[in-house]
Amino acid sequence: HKNSKFYKIDYISKNIIKFQNYKKNNLIKKKIFNLWFNFLNDMNFDVITCNKLNNFSPMCIAFYINSNINQKSLLNLFRSLKIEAYTWPDLPEEINVINNNAYNLKNNIICIPITTDNSLNYIKAKINEISRVLNDRSN
């Protein structure tokens with residue numbers, strides 16, 4: 001097909017994909033997930049997860065805000081510490097009409113991306129900062 005060149009992957013992207021060490025990246029992401037998981041459990045947040053962590057590469061960790069902490073203030077705290085947290089994605093209006101739980105998901109769940117962009121030590125330091133701020137607020 002004469003237009004097929006427009007649908008091919010560029011050489012830079014192809015080489016990035018070709019030379020990725022997926023096993024190493026997945027191992028790092030699972031360690032980061034576990035750091036967040038342990039911290040969130042220690043802070044009494046309910047983490048939304050699956051029991052078979054060995055079967056996937058985590059993209060984010062989602063947790064339910066089940067305390068007196070305001071979602072917006074918690075998101076602001078994460079962002080002030082350079083942690084890109086976000087709310088549960090918007091769901092189609094049909095789901096909102098049929099099932100009111102969509103509103104609860106949007107307002108009570110925070111997601112933290114799990115990437116290999118930062119080192120384990122960086123994540124540990126950020127978790128310590130968040131923990132300190134949340135503990136100061138509760139005292």
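The values are calculated or read from the model by the stated rules, or taken from the named source; none is laboratory data. Computed from a predicted model, the values in this text were never measured in an experiment. Positions of Cβ are backbone-derived with ideal geometry, glycine not excepted, and every protein chain shown enters the neighbour counts. These accessible areas exclude ligands, DNA and RNA; they are computed on the full protein's heavy atoms, side chains included. Shrake-Rupley method; radii C 1.70, N 1.55, O 1.52, S 1.80 Å.
In this structure, does residue 65 turn out to be open to solvent by less than 40 Å² (accessible area, probe 1.4 Å) and either of a type outside the set (Lys, Arg) or modelled with pLDDT of 85 or more (or both)? Here the answer is yes, as residue 65 does meet what is asked. Only one of these conditions is not met by residue 89: (1) at pLDDT 90 or above; (2) closer than 30 Å to residue 24 by Cβ; (3) open to solvent by 70 Å² or more (accessible area, probe 1.4 Å). Which number is it? Going through (1) at pLDDT 90 or above; (2) closer than 30 Å to residue 24 by Cβ; (3) open to solvent by 70 Å² or more (accessible area, probe 1.4 Å) one by one, residue 89 breaks only (1).
Among the residues of segment 10-31, those identified as in a loop (DSSP other than H, G, I, E, B) and open to solvent by less than 90 Å² (accessible area, probe 1.4 Å) are 10, 20, 21. Return yes when residue 52 is closer than 30 Å to residue 21 by Cβ, modelled with pLDDT of 90 or more and more than 13 Å from the chain's Cα centre (by Cα) and no when it is not. Criteria not met by residue 52. Of all the listed residues (28, 12, 32), the sole one being over 24 Å from the mean Cα position of the chain (by Cα) and either at pLDDT below 90 or under 30 Å from residue 128 (Cβ atoms) (or both) is 12.
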